[in-house]
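Notes for the one structure printed next.
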Amino acid sequence: MCSRKRCLYLFVNFDVLLFMKMRSLPVTFVTFVVALSAHAQTLRFEEHTIAADLKGGYQVIAYDINHDGKPDLVALASGMTELVWFENPGWQRHVIASNLPHMINCALWDIDGDGIPEIVVAYEFSMDASKSAGVIALLEHQGDPRQPWKVTEIDRLPTSHRLRWANIDGSGKKVVIDAPLTDAHARAPEFRGHVPLVYYRPGEWKRHLISDEEEGVVHGIFVTDYPPVRAQQGRGMVAHRDCERRSRAVAEEWIERRGRWAMEQGAVHRRHRALARQPGGRLPQERKELESHGY
């Protein structure tokens, strides 16, 4: 069985379940083939070790890289400088690009419609903004996805941390969303400062600011329809702050077709301010949660 503490990511792709187990370094990628039927009462899993030498395994994405109709695996390991993919069904290993130190996140989407995705990757990451170049690069295949891909730097934004493709205006032409971890001048333990949420449009690849209202630590974003089922609006994003883990209030932003951003009505709780030490040296629970996650 897979406990929550041992599973870092869980991906469902039709009849294939993929997840990465964090028992100890190096990381082992395990694929489970699920036998599903309308009358099945139990699920049976078969374990296959794909790789056992990925230092600092951080992200795995299932995507058809070579346009053969089978989901392949892209593996990002923060302790390595190579971004690699494993070809289904034999799981042959291919290097997408090298010299990418301290990788933290990547996102895939087929921009030109040739059946092979383009990849945007964030690397040279550090939780210390003063040491984080936050490089964003575009990776493009050169005809054969099994051979090294072309690497083109797009931007540098300190602590670039989460990348997502999103159809923000309903046109079907996705843009890349970049959510840094902290403000460029933030320092531990308070991490004070406004965190920019930005996007890049393929072709021009210029940085566009969505909002800098968020403060503290932004640990993730989720692309969804928000508010629900409104034809005049595009895709939305929900930003999650670690320091507001137990608060019902999270920053929710969306963009309309005309490109106007708006904030959800109501104030957003700025609980990051409570991260400072209280009289007597006591630490609030939010500070303890951040420290438990290495911040």
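Using the beta-carbon distance between D212 and T152 and R0 = 25 Å, what value does 1/(1 + (r/R0)^6) give for FRET efficiency, to the nearest 0.05?
Details: r = 26 Å, r/R0 = 1.05.
That gives a FRET efficiency of 0.45.
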Ranked from highest to lowest mean number of other Cβ atoms within 10 Å per residue, what is the order of the peptides 173-180, 85-92, 129-136? 173-180, 129-136, 85-92
Which value does Rg/Rh take for the range 114-165 over its C-alpha atoms, Rh per Kirkwood? 1.07
Protection proxy ranking, peptides 166-172, 156-162, average beta carbon neighbours within 10 Å, highest first: 156-162, 166-172
Find which of A186, A137, S171 sits farthest along the positive direction of the dipole of the range 121-195, computed with +1 on the beta-carbon of Lys and Arg, -1 on that of Asp and Glu, about the Cα centre. S171
What is the distance in Å between the Cα centroid of the range 151-178 and that of the range 78-110? 18
Label-point gap, in nm, between Q92 and Q142 - each point 7 angstrom along Cα→Cβ: 1.9
For the range 88-162, the per residue accessible area (1.4 Å probe, Å²) is 41
Rounded accessible area of V223 (nearest 10 Å², 1.4 Å probe): 30
What spacing in nm lies between the two simple spin-label points modelled at H185 and W205, each 7 Å away from Cα in the Cβ direction? 2.9
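The values are calculated or read from the model by the stated rules, or taken from the named source; none is laboratory data. Remember, it's a predicted structure, so these values are computed and weren't measured experimentally. Here Cβ is always computed from backbone atoms with ideal geometry, including for glycine, and neighbour counts include all displayed protein chains. These accessible areas exclude ligands, DNA and RNA; they are computed on the full protein's heavy atoms, side chains included. Shrake-Rupley method; radii C 1.70, N 1.55, O 1.52, S 1.80 Å.
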